[in-house]
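One structure, as structure tokens, below. Some questions next.
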Amino acid sequence: MHSIPEYSCKNGDIVPFADATVHILSPTVHYGTGVFEGIRGYWNDDDKQLYIFRLDDHLERLEQSQRLMRFERVIKKNIIKKNILDLIKKNDHRETIHIRPSVYLEGHGGIGSIGPVGYGITTISRPSSDLVTKGCTAQISSWLRTPENVMPMRVKAFANYNNSRYAQLQANTDGYDTAIILNADGTVSEGPGQCIFIIKDNVLITPDIGSNILESITRQTVLDLSLSLAIPYKERKILRSELYTADEVFFCGSGWEITPIISIDGYQFEIGDVTKKIQNLYFDSVYGKNDLYEYWRTSVY
Ligand code: PMP
């Protein structure tokens, strides 16, 4: 699926891609004791520049995830940042890429391990999905979102993604592109790897932080962009029936970017003006085609 680059980074060293491995007896393999980030770098051919989008914000969230997981040492933002920049240059990426730093437990310990802490980074080519243009179909999953008092979804931990995976596979089996996951009280949480917005009467509405979502950087970006576009927004609980009766619906995330939803459980939606406005401003901002949000971009070259 992905073209494999020549190099990865493992514990600070740049190594051949195939050598960035962990042992099968590590707690990471058995218990999912790792945390990660998914970050995009956007190639602007006019500027001959690769812009990494909101790198510091992602790496701060990675520090927060490590703290919450009680790792014996936290791999700090500036260390990973330097490694990411070095790795991209070494792979000589001149294309839009996905950057994935992970911090995890190595060694042979049990479920209570807090070390040794290892980390790795991969960078791979990743253009936008065609769903960004044509829109996607979604199914309300019968799997519910893991609640905060079972496992906090604020942590971007490997193990959390098994909940998402059940929902994603159910959706795919039933012929949908992706899923929308509800909380135990029936309110809307998010997609398997993306947050959700609805638009009703020109107001943007997204589930609040208490809806068992990842505190998504793209979600915050959409809220910030909506201020420039003078579109009012609300962060609050969303009911399932509000999804079906919305004027427009879209997903957002570093991977999903701004992806319109064209149907939920067979209820159809147009790709509307508000979604298009946000999409245009988003892509201009990430590709460095406006100066408004220059502070969100880290230049590699
Ligand atoms: N929710 C989940 C469960 C995710 O995995 C992601 C992707 N990181 C998102 C939301 C979107 O987060 P972000 O905008 O920070 O990429």
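Which of the three applies to the range 1-160, rounded, prolate or oblate, going by the alpha-carbon gyration tensor with a ≥ b ≥ c and a/c under 1.5 meaning rounded? Spell out each step's value before the answer.
On the way: a/c = 1.83, a/b = 1.20, b/c = 1.52.
Taking the square roots of the gyration eigenvalues as a ≥ b ≥ c, the range 1-160 is oblate.
Here is a follow-up. Helix 77-91 versus the longest principal axis of the chain: what angle, 0 to 90°, nearest 10, using Cα atoms?
Helix 77-91 sits roughly 90 degrees off the main axis of the chain.
Under 19 Å from a point placed 7 Å out from the Cα of residue 92 along the Cα-to-Cβ direction: which residues of the range 1-36 have their backbone N that close?
3-9, 14-18
Moving on to the next point. Against the longest alpha carbon principal axis of the chain, how many degrees, from 0 to 90 and to the nearest 10, is the axis of helix 161-173 turned?
50
Give the residue list of GluC sites (Glu not before Pro) in the range 206-249 that are DSSP loop and have at most 16 other beta-carbon atoms within 10 angstrom.
Values: sites: 215, 235, 242, 248; in loops: 215.
Hits after loop and neighbour filter: 215.
Further question on the same structure: Averaged over every viewing direction, what's the projected area of the C-alpha convex hull for the range 1-86? Give it in nm², one decimal, please.
Values: hull surface 28.7 nm².
Quarter of the Cα hull surface area: 7.2 nm².
Quick check: the distance between the Cα centres of the range 1-51 and the range 177-202, to the nearest angstrom?
After rounding, the separation between the Cα centres reads 29 Å.
Rounded, prolate or oblate for the range 69-185? Axes are the square roots of the Cα gyration tensor eigenvalues, ordered a ≥ b ≥ c, and the cut-off for rounded is a/c under 1.5.
Oblate.
If you line up the long axis of helix 55-68 against the longest principal axis of the chain, both from Cα atoms, how many degrees apart are they, to the nearest 10?
On a 0 to 90 degree scale, this one is about 70.
I want to check the label-to-label distance for residue 239 and residue 31. Put each point 7 Å from Cα in the C-beta direction and report it in nm to one decimal.
4.2
Let me make sure I get this right: for the chain, a, b and c are the square roots of the gyration tensor eigenvalues over alpha carbons, sorted descending. Under 1.5 in a/c it's rounded, otherwise prolate if a/b > b/c, else oblate. Which is it? Provide the component values of the computation, followed by the final result.
Values: a/c = 1.85, a/b = 1.26, b/c = 1.48.
Judged from the Cα gyration tensor, the chain comes out oblate (a/c at least 1.5, b/c at or above a/b).
Then there's this: What full-extension length gain, to one decimal in nm, is calculated for residue 247 and residue 6 as 0.36 nm per residue of separation minus the Cα-Cα distance?
The span from residue 247 to residue 6 would gain 82.2 nm if fully extended.
How many lysine pairs does the range 43-187 hold where the Cα atoms are under 28 Å apart and the two sit 8 or more places apart or on different chains?
For the range 43-187, the number of qualifying lysine pairs is 18.
Picking from 66, 43, 280, whose Cα lies most toward the positive end of the charge dipole for the chain (charges on Cβ: Lys, Arg +1; Asp, Glu -1)?
Farthest towards the positive pole: 66.
Bear in mind that the values in this text are calculations on the coordinates, not laboratory data. If you're wondering where the values come from, they're calculated on a predicted model, not measured in any experiment. Cβ sites come from the backbone with ideal geometry, for glycine too, and all protein chains shown count toward neighbours.
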